[in-house]
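Below is one structure, written out as structure tokens, with a few remarks after it.
The values are calculated or read from the model by the stated rules, or taken from the named source; none is laboratory data. Just so it is clear, the structure is predicted and the values come from calculations on it, not from any experiment. As a convention, Cβ positions derive from the backbone with ideal geometry for all residues, glycine included, and neighbour counts pool all protein chains shown. Just so you know, the surface numbers come from the protein's heavy atoms only, side chains and all, with ligands and any DNA or RNA stripped out. Shrake-Rupley method; radii C 1.70, N 1.55, O 1.52, S 1.80 Å.
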Amino acid sequence: MVVRLDGVHKEYGDAKALDGLSLEIRAGDAVAVMGPSGCGKSTLLNMVAGLDRPTSGTVEVHGHDLKKLDETGLALFRRRNVGMIFQFFNLIDDLPALDNVALPAQLTGTPARQARRRALELLDELGVAERRNNYPATLSGGERQRVAVARALMNRPALLLADEPTGALDSRSGEQVMDLLIDLNQIGQTLLIVTHDPQLATRCASRLIEVADGRVARESTLEATA
Amino acid sequence: MSAVWRASRAAVKRRRLQTFVIGLVVFCSTTTVLLALALLSAASGPFDKAYAAQRGAHAVAAFDTTKVSREQLARTARQPGVEAAAGPFGQAVVDIPKDWLWMAGGTLTVVGRADQAGPVDRIELLEGHWATAPGEIVVNWSVQGSPDPELLGTKLETPGGATLTVVGFAASMSKSASAWVSPEQMAALHPASAQMLYRFTDSSTEARLSASLARATTGLPKESLTGAQTYLTLKQAFSARADSYLPFITLFGILGLLVSALLVGNVVSGAVVSGYRHIGVLKALGFTPNQVVAVYLTMLSVPAVVGCVLGTLAGNALAGPILKVAFSGIEVGRASVGGISPWVSVACLVGMPALVLLAALVPALRAHRLPAAEAISAGGAPRTGRGLRVQRILGATRLPRPVSLGLGQPFARPSRTLLTMAAIVLGVTTVTLSTGLTSTMVAYGKVGREDGGARIHVTTGGAGNDRTPPRLSDPQIEKRLRSLPGAEGVRARALSQANMTGQTQPVFADFYRGDDSSYEHTIVKGRAPATAGEIVAGPAFLSQRGLKLGDRVTLELNGRKITATVVGQLIEGDARALEATWESFAQLAPDARATEYTVRLASGADARAYAEAVAALDPGLHASVLDSGNAATATVITFSTVFTVLLTLVASLGVFNTVLLNTRERRRDLGMLKSIGMTPRQVVVMTVTSVAGLGAVGGLLGIPLGIVAHRLVVDHVGVVDFPAHMKDVWHAPQLAAMLLAGVAIAVLGALVPARSAARMTIASALHTE
């Protein structure tokens, strides 16, 4: 089991973002989480990524009980176990694509040359190797997201988390990113995707979890359409 | 206007921390500047005011009446350039006994004047009445307050057999005489000199005063002018103590101003740059460019005005005690010191907010020019082109990634980096200057104490202090003191007021015999006096009288005269005092005896036991252990510490502000870095490294500036002439420590925002555009 959430509650003041949510994700799963705005799906993603802590309940990812980890422990957990893709890419503007991708490995102490070699391999696999020296500002949206995916894969994470990965892309770029996620899942990468986009969910995920009012409202298995 | 005010108020509320930082910076800077201005104004203002009130003489001239007639002198008053003149008045030197009134004995320059009024030198009568009849004398009182009226009636026997009775005390800012008698009484004293008091149309400089005096005395017989004293000399003496503090207080004031200007510029630029979206929104809402500028200027005026008012209050509270210290022991006459001229507070209250607004104007005008659409898009658009090459190079190094990322950050905003670095440079300059001054002053404080032994001050009883006179003779006392256990050397001293040719005011002559080992450390130029006719003095005494090594002066005491040569300069000394050998004293006063003894004890000797042994020796001897502290050293070190703390705080606030702005601007980047596994410790390392590099460079630049500033200060302390070994205080370990000061300032300023960045909630930063 890669992810196990059991009775997770999250409250921000009086507002309940998660209300006893439970969920399990096995290795190799591709899970899409959908739901209306404010239903708690981004909070769910933050819990799994170790970016936020539950008010109560258990969050276990790759054998780690995140509630027991301090801030440094959470950082090390993220570094080793999780890769994240964001709607707005979150690339560092001052670094070229190659250095953005190499960054997670360098934080673990991997020498710059070795980290860059691996980053170049990833960029090559994702089809943006020729843009390795470009800065984020000079890349298209699709290219930026590919670079972001490469960065997320840099430390070979057990779990890839994607938060609206096509939300800021045009349809063509969105299609490319979807294909990329499908390819990754097909080679065994576990995926957890939060999205509003039914097309993305149905194309990339094998399970669909619908969240409403901080709980799992419905769960279904999807046929891969790719 | 209400829209502008509302927008400004909202901006202040949104930037509470930055508003506080600006207020604090302005507060510290205003306090520093006010202290410097207060001292500057106190050094000259009160003297000028009191001098003008008495129509003080620009020159007090003494003439040899055997060479020039009264009529010839009277004609000098009508010469070109003479605005007003008084005299000629008869002038004589009268010997006074030891401990007459408050004086140590010696001579008194007495002038015969019919009244205290007149066109020049309107003497202020403090007690009693003016000397109008024979046998009456009025004595000059040169310090603040007034003498005890009970002293009226004190008698003085003159060598000619006449008895003078003190009928009044008066104050002359011109210091035209030590005492006054009626012209009739003066005639009875058979004066050999005459005094003329002049006010000139041009009295701005010493050279012009000399030229005016030369023009006034043109046509008089050669060498009839025996001496002249200008008011600039008196003014210099008045402000001598304050002058010694002025160089470094002024320098600290300038440093404070520079740091404030830089920091305000940095803070305001940051506020404008980080507020581009805000500016765009304001313009989109219909604010005119001028209204946008007004919003930003108003936003900054609030902390600037509050900081300035509080700084002015704090400066005024601090300046009073500081001025008291700076002017203690000075003959201020009627000049009122200790108060702070109102213009100083007004200058601070107007100048500091003006400085803030000036610093704010440049970035505010950028906001003025910025088109609304560009401003809105600039708020979220990625940066390009800045320092990118540096980031790439650093990324390829073997440095830990948080360190290389931190080192690259300053290149992203070069102008902000430069302003921050300038603040650090000035902070390091201050620390270096302060450390150097402290080292110099500590070395100065140890002068004469190099052997580590205590010093015992032994005084004799007598009429002047209502104590029993010693039964032992002067040579016996010296011999016994030397024979007591622990004594390594005994130095006997006699103090006398002597007349120096050409000077209306007496000089304090200290005559010494015995142990002169202290001269080894206190003589900075020339040598110690070794025989009769050799004198040494401090730099203030020599410079105020235009004397240099090798010059000859004539000293007069008890009607006896000796010609003495200046053979050495002391490291420091009273502006009115000189030192000479006992042999000189023996020629001037053959029967004189020492009144004080300084005993140098061996290192480790029991000072208290020695003092008790002295008391047992003779009840007429009073021994005390000399304090090892030095007031000037303590004062300068205290001043330096206060200014250093203030300016280091201000420089650290500059760094704090920069790091705060950087972390806010890079909030998204920080969130992303944390999301990919950057630990809180790595965030702190990266953030602190981003300014620690600046700190190191700031240290490298600030240290030489501090060394130059230190040299400037110690070379311009008029009352002390520091020898080379006291100025060469910089050694490798100290310089290395100074280099760390830059890093320390940077780390100090960066630590709080860095820790705050490390604790930042990253989820919200990552999920918003």
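Quick check, is B:A696 without any contact (Cβ under 8 Å) to a residue 60 or more places away in the chain and in the same structural domain as B:G408 (by TED's automatic domain parsing)? Considered against the rule, which asks whether it is without any contact (Cβ under 8 Å) to a residue 60 or more places away in the chain and in the same structural domain as B:G408 (by TED's automatic domain parsing), B:A696 comes out as yes.
Yes/no matrix, rows are residues, columns are (1) at pLDDT 80 or above; (2) in the same structural domain as B:L126 (by TED's automatic domain parsing); (3) crowded, with 22+ Cβ neighbours inside 10 Å:
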{"residue": "B:V309", "(1), (2), (3)": "yes, no, no"}
{"residue": "B:L323", "(1), (2), (3)": "no, no, yes"}
{"residue": "B:L349", "(1), (2), (3)": "yes, no, no"}
{"residue": "B:P353", "(1), (2), (3)": "yes, no, no"}
{"residue": "B:A359", "(1), (2), (3)": "no, no, yes"}
{"residue": "B:H368", "(1), (2), (3)": "no, no, no"}
{"residue": "B:A372", "(1), (2), (3)": "no, no, no"}
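Total residues in segment B:404-452 satisfying the condition of being within 14 Å of chain A (Cβ to nearest Cβ), open to solvent by 30 Å² or more (accessible area, probe 1.4 Å) and in a helix (DSSP H, G or I): the figure is 3. Do you know which of the residues in segment A:192-202 that are under 21 Å from A:A27 (Cβ atoms) and touching a Ser or Thr at 6+ places or on another chain (Cβ under 9 Å) is surrounded by the most Cβ atoms within 10 Å (Cβ to Cβ)? Of everything passing the filter in segment A:192-202, A:V194 is surrounded by the most Cβ atoms within 10 Å (Cβ to Cβ). When B:A207, B:A171 are screened for being small (G, A, S) and within 25 Å of B:G135 (Cβ to Cβ), only B:A171 passes. The conditions of being in contact with an Asp or Glu (Cβ under 6 Å, 6 or more places away or on another chain) and open to solvent by 40 Å² or more (accessible area, probe 1.4 Å) are met by B:R600. Looking across A:G167, A:G188, one residue alone is open to solvent by 20 Å² or more (accessible area, probe 1.4 Å), touching a residue at least 40 places away in the same chain (Cβ under 8 Å), away from chain B (no Cβ under 14 Å) and not in a helix (DSSP H, G or I). It is A:G188. Of all residues in segment A:127-142, those that are away from chain B (no Cβ under 12 Å) and crowded, with 22+ Cβ neighbours inside 10 Å total 1. Restricting attention to segment B:520-536, the residues that are on the phi < 0 side of the Ramachandran plot and not in a strand (DSSP E or B) add up to 9. Have a look at B:V714, B:V747, B:V708, B:V752 and point out the one that is assigned to a helix (DSSP H, G or I) and either surrounded by 20 or more Cβ atoms within 10 Å (Cβ to Cβ) or acidic (D, E) (or both). None of the other options fit; the residue is B:V714. Among the conditions (1) closer than 27 Å to A:N185 by Cβ; (2) touching a residue at least 24 places away in the same chain (Cβ under 8 Å); (3) exposed (fewer than 14 other Cβ atoms within 10 Å of the Cβ), the only one that A:S56 does not satisfy is (1). Within segment B:128-149, the only residue that satisfies the criterion of being among the acidic types (D, E) and at pLDDT 80 or above is B:E136. Restricting attention to segment B:157-164, does a residue exist that is open to solvent by 30 Å² or more (accessible area, probe 1.4 Å), more than 21 Å from B:V82 (Cβ to Cβ) and in contact with a Lys or Arg (Cβ under 6 Å, 6 or more places away or on another chain)? The answer is yes, given that some residue of segment B:157-164 is open to solvent by 30 Å² or more (accessible area, probe 1.4 Å), more than 21 Å from B:V82 (Cβ to Cβ) and in contact with a Lys or Arg (Cβ under 6 Å, 6 or more places away or on another chain). Selection within segment B:664-688: residues that are within 14 Å of chain A (Cβ to nearest Cβ) and of a type in the set (V, I, T). The member of this set that is most open to solvent (accessible area, probe 1.4 Å) is B:V685. Of all residues in segment A:64-103, count the ones that are out of contact with any Ser or Thr (no Cβ under 9 Å at 6 or more places or on another chain), in a helix (DSSP H, G or I) and facing another protein chain (nearest Cβ under 7 Å). Total satisfying the criteria: 2.
The set of residues from segment B:475-519 being touching a Pro at 6+ places or on another chain (Cβ under 8 Å) and assigned to a helix (DSSP H, G or I) comprises just one member, B:I477.
With respect to B:E83, is the statement that it is modelled with pLDDT of 85 or more, out of contact with any Ser or Thr (no Cβ under 8 Å at 6 or more places or on another chain) and either closer than 24 Å to B:F639 by Cα or not assigned by TED's automatic domain parsing to the domain that holds B:L297 (or both) true? Judged against the criteria, B:E83 is not a match.
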